[in-house]
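Notes follow the structure.
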Amino acid sequence: MKNIRAKSVCIFRKDGMVLLAESFDPAKNEKYLSPVGGGIDFGERSVDAAIREVQEELGATAEKLKLLGVIENLFNFNNQEGHDIVFIYEAEFKDHCLYHKNILQGIETNGHTFEARWYDLSIIKNSATPVYPKGIIEML
């Protein structure tokens, strides 16, 4: 049985740029970008999940979270259908030194490592590299 997954992600901004993680879909041979975040656990509020996911993946503390919106995301990843309800939060890093790093090393719950980088929002809007979930760029 297929399930709808509740997710929570954080957008961090600096000087017209946003922090996005690089990912890859092997079935489509497609590189894509997405905000840092992940699944909401049963009994956990979306805002708490966003804070926890940033802590787990980047080892950083997110604060001053503000809900930008919610996106229903129907997608196909690695030849598997997916359906997410994604809470999009804007946040700030408690440690302001993180804004001076070009690349932040991240790790997923499954042990997969990734890099999050600062991307110029005006360039990303016109880039061939997709940003998921769809609709998030318009929200920014």
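Where does the chain land at 222 nm, in deg cm²/dmol rounded to the nearest 500, when only DSSP H runs of n ≥ 4 count, each adding -39500 (n - 2.57), divided by all residues? Display every interim value, and only then the final one.
Working: 3 runs with 22 residues, N = 140.
The per-residue figure over the chain is -4000 deg cm²/dmol.
Of the peptides 33-40, 130-137, how do they stack up when ordered by the mean number of other Cβ atoms within 10 Å, highest first? Walk me through the numbers on the way to the answer.
On the way: 33-40: 21.6, 130-137: 17.9.
Result, highest mean first: 33-40, 130-137.
Where the convex hull is taken over the Cα atoms of segment 18-63, what is its projected area averaged over directions, in nm²?
Numbers: hull surface 16.6 nm².
With every direction weighted equally, the projected area is 4.2 nm².
Any chance you could check the Cα centroid distance between segment 92-121 and segment 33-89 for me, in angstrom?
Value for the Cα centre distance between the two parts: 15 Å.
Applying 1/(1 + (r/R0)^6) with R0 = 22 Å to the Cβ-Cβ distance of Lys2 and Glu72, what FRET efficiency is obtained, to the nearest 0.05?
On the way: r = 15 Å, r/R0 = 0.67.
FRET efficiency, Lys2 to Glu72: 0.90.
Quick one: which residues, 5+ away or cross-chain, put their amide H under 5 Å from the amide H of Arg5? H built at 1.01 Å from N.
HN-HN under 5 Å from Arg5: His83, Asp84, Ile85.
Between Gly106, Gly16, Gly59, which gets the highest mean-square fluctuation from a Gaussian network model of the chain, Cα cutoff 10 Å?
Answer for the Gaussian network model of the chain: Gly16.
What percentage of the solvent-accessible surface of segment 69-131, computed with a 1.4 Å probe over protein heavy atoms, is contributed by carbon and sulfur atoms?
On the way: 1990 of 4010 Å².
Of the solvent-accessible surface of segment 69-131, carbon and sulfur hold 50 percent.
Suppose a student asked you for the relative contact order of the chain, using Cα pairs under 8 Å spaced at least 6 residues apart; what percent would you report?
Working: 274 pairs, mean separation 42.9, N = 140.
For the chain, the relative contact order is 31 percent.
Considering only protein heavy atoms, with the full assembly of protein chains and a 1.4 angstrom probe, order Leu74, Leu65, Leu104 by accessible area, largest first. The partial results should precede the final answer.
Details: Leu74 125, Leu65 40, Leu104 10 Å².
The residues order as Leu74, Leu65, Leu104, largest area first.
Taking K and R as +1 and D and E as -1, what net charge do the other residues with C-beta under 9 Å from the C-beta of Phe75 add up to?
Working: positive: Lys134; negative: Glu81, Asp84.
Value of the local net charge: -1.
Report the charge-dipole magnitude of segment 54-140 in Debye, nearest 20, computed about the Cα centre from +1 at each Lys and Arg Cβ and -1 at each Asp and Glu Cβ. Show your work: numbers first, answer last.
Numbers: 7 positive and 13 negative charges, 53 e Å.
Dipole of segment 54-140, to the nearest 20 debye: 260 debye.
Can you tell me the accessible area per residue over segment 17-140, all protein chains present, probe 1.4 angstrom, in square angstrom? Write out the running numbers ahead of the final one.
Working: 7070 Å² over 124 residues.
Heavy-atom accessible area per residue stands at 57 Å².
The values are calculated or read from the model by the stated rules, or taken from the named source; none is laboratory data. Everything numeric in this text was worked out from a predicted model, so none of it was measured. Every residue, glycine as well, gets a Cβ built from its backbone with ideal geometry; the counts of neighbours run over all protein chains shown. Only protein heavy atoms, including side chains, enter the accessible area calculation; ligands, DNA and RNA are left aside. Shrake-Rupley method; radii C 1.70, N 1.55, O 1.52, S 1.80 Å.
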